[in-house]
Amino acid sequence: MQIKSIMRAADQLVLLNPEDTAKDAISKIDKGEFLSLPVVENNKFLGFLSKQFIYEKFFEEHNCGNADIDSFLGRKVSTFLLNSKIDALNPAQPIEEAALRFSKNKLRFLPVEDTNGHFAGIVTQQALFAILVNAFGIEDPKLIVITDGISGVLSRISEIISKHGGNITNVIKLETEVPNVDEVSIRVVGADIELLKHKLTEKGFRVK
């Protein structure tokens, strides 16, 4: 699956301009109940800005004193830009690339640029996680089979599950701390999970 299948296109987003004021930014963030917003100028992604960061900067500079907050909020968004050097994703990249990027930083979204370097949209953590939940069948019942070798095992397990009305939605091999022993996580729908556990155990499999 490619990035373009889960990204939100630029024309569907609320964007900030570097010439907007901090007050304008807070208004847009509050109105849409956002955590942060992209800052874009001439189809170029410049960074993002959050309401939290604006107020943190105010208190950092003025130590909670009697500073003129109205004057402070009159500053341009360009003076508050965050993470302006984020490497953008390409719409044709696999979604795994987004997962890797999110695992390495604390960003709430990642920018996407087309082949011309123009801002095309964003990928959010929420959109990515929704796809992964669906792909891994996380909401489906799970069996864990303990095996001393994966070769030939999956075909036997699949045959037993299919014979008793089950459909496998996801299979993941999990390494253990015991040499030559693996755990195979199998998500199944359409059958009684306890029945499948019993049938697999009958055939000599060790099942959690």
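The values are calculated or read from the model by the stated rules, or taken from the named source; none is laboratory data. Not measured: the values here are computed from a predicted model. Cβ coordinates were reconstructed from backbone atoms using ideal geometry, including for glycine residues, and neighbour counts include every protein chain displayed. Quick note on the areas: whole protein, heavy atoms, side chains included, nothing else; ligands and nucleic acids left out. Shrake-Rupley method; radii C 1.70, N 1.55, O 1.52, S 1.80 Å.
Selection of region 15-63 for residues being over 20 Å from the mean Cα position of the chain (by Cα) and aliphatic (A, V, I, L, M) yields L15, L16, A22, A25, I26, I29, V39, V40, L46, I54. Checking each residue in region 108-131 for being part of a loop (DSSP other than H, G, I, E, B), free of Cβ contacts under 8 Å to residues at least 40 places away in the same chain and open to solvent by less than 70 Å² (accessible area, probe 1.4 Å) picks out only D114. Scanning region 115-170 for residues that are modelled with pLDDT of 85 or more and on the phi > 0 side of the Ramachandran plot gives G117, G121, G165. Once region 34-45 is narrowed to residues that are in a strand (DSSP E or B) and open to solvent by 50 Å² or more (accessible area, probe 1.4 Å), the residue that is farthest from A92 (Cα to Cα) is E41. Of the set (1) of a type outside the set (S, T, Y); (2) farther than 26 Å from K199 by Cβ; (3) more than 15 Å from the chain's Cα centre (by Cα); (4) open to solvent by 40 Å² or more (accessible area, probe 1.4 Å), all apply to I86 but (4). Scanning region 1-33 for residues that are open to solvent by 70 Å² or more (accessible area, probe 1.4 Å), under 30 Å from S71 (Cβ atoms) and not in a helix (DSSP H, G or I) gives E19, E33. Every listed requirement among (1) at pLDDT below 90; (2) over 29 Å from I131 (Cα atoms); (3) not polar (S, T, N, Q) is met by K173 save one, (2).
Of all residues in region 136-174, which are part of a strand (DSSP E or B) and free of Cβ contacts under 8 Å to residues at least 60 places away in the same chain? Hits for region 136-174 are K142, T147, N167, I168, T169, N170, V171, I172, K173, L174. Test T201 against the stated conditions and say whether it is open to solvent by 50 Å² or more (accessible area, probe 1.4 Å), of a type in the set (S, T, Y) and either touching a residue at least 12 places away in the same chain (Cβ under 8 Å) or closer than 15 Å to P141 by Cβ (or both). Answer is no for this residue. Within region 180-198, the set of residues being over 15 Å from E139 (Cα atoms) and buried (at least 16 other Cβ atoms within 10 Å of the Cβ) comprises D182, E183, V184, L196, K197.
Of K104, K163, all but one fail to be open to solvent by 80 Å² or more (accessible area, probe 1.4 Å) and either among the β-branched types (V, I, T) or over 16 Å from the mean Cα position of the chain (by Cα) (or both); the exception is K163. Report yes if E177 is open to solvent by less than 70 Å² (accessible area, probe 1.4 Å) and either over 30 Å from T201 (Cα atoms) or assigned to a loop (DSSP other than H, G, I, E, B) (or both), otherwise no. In short, no. I'd like to check something: does region 142-152 contain any residue that is surrounded by 14 or more Cβ atoms within 10 Å (Cβ to Cβ), of a type in the set (V, I, T) and under 30 Å from R108 (Cα atoms)? No, region 142-152 contains no residue that is surrounded by 14 or more Cβ atoms within 10 Å (Cβ to Cβ), of a type in the set (V, I, T) and under 30 Å from R108 (Cα atoms).
Condition check: at pLDDT below 90 and farther than 24 Å from T124 by Cα. Does D87 satisfy that? Taking the combined requirement at face value, the residue does not satisfy it.
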